[in-house]
Amino acid sequence: MGSVNASGKSSGPIRRLLSRLSPHDERPHSCPEPRGAEAGRDCTPIGACGDRQIVKVIGTLRTVTLRARAGVPALEAELSDGSASLSVVWLGRRAIAGIEPGTALIASGRIAMHHGRPVLFNPKYELLPPGQE
């Protein structure tokens, strides 16, 4: 077992490992690095998004596909920020100018869980210039 320090807390290898894994800063998550257009905007890492939570996320579109949902056309994209990914779905849309793989964007709305995966339906969004994700 590890040693005990002056404050009476264990300082063993497990404690050191847990301290490295746990967040040291209890402030809300923000965008990875403030850059250009999104400087000062509070974004949530996709990996931290929970069901029915209202979020603003930033990332890069990996894929964009046209699918039918309940007989209605839907443009569906996979947005990734490095921590995780989520689906962004625009119902009733076949295409949106600028929405293509590799595009960086900020999306906001309420998270829904669909088959255990986070989805943003008809989010507000802002396209970012290349290199701004």
Note the full-extension length gain between A48 and E100 as 0.36 nm times their separation in residues minus their Cα-Cα distance, in nm to one decimal.
16.3 nm
Karplus 3J(HN,Hα) series, Hz, for region 116-127 with 6.51 cos²θ - 1.76 cosθ + 1.60 (x for Gly, Pro):
x, 10, x, 9, 10, 8, 6, x, 6, 8, 9, 6
Put V64, V57 in order of accessible area, largest first, 1.4 Å probe: what do you get?
V64, V57
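The values are calculated or read from the model by the stated rules, or taken from the named source; none is laboratory data. All values derive from a computational prediction rather than experimental measurement. Just the protein is used for accessible areas: all its heavy atoms, side chains included, with ligands, DNA and RNA removed. Shrake-Rupley method; radii C 1.70, N 1.55, O 1.52, S 1.80 Å.
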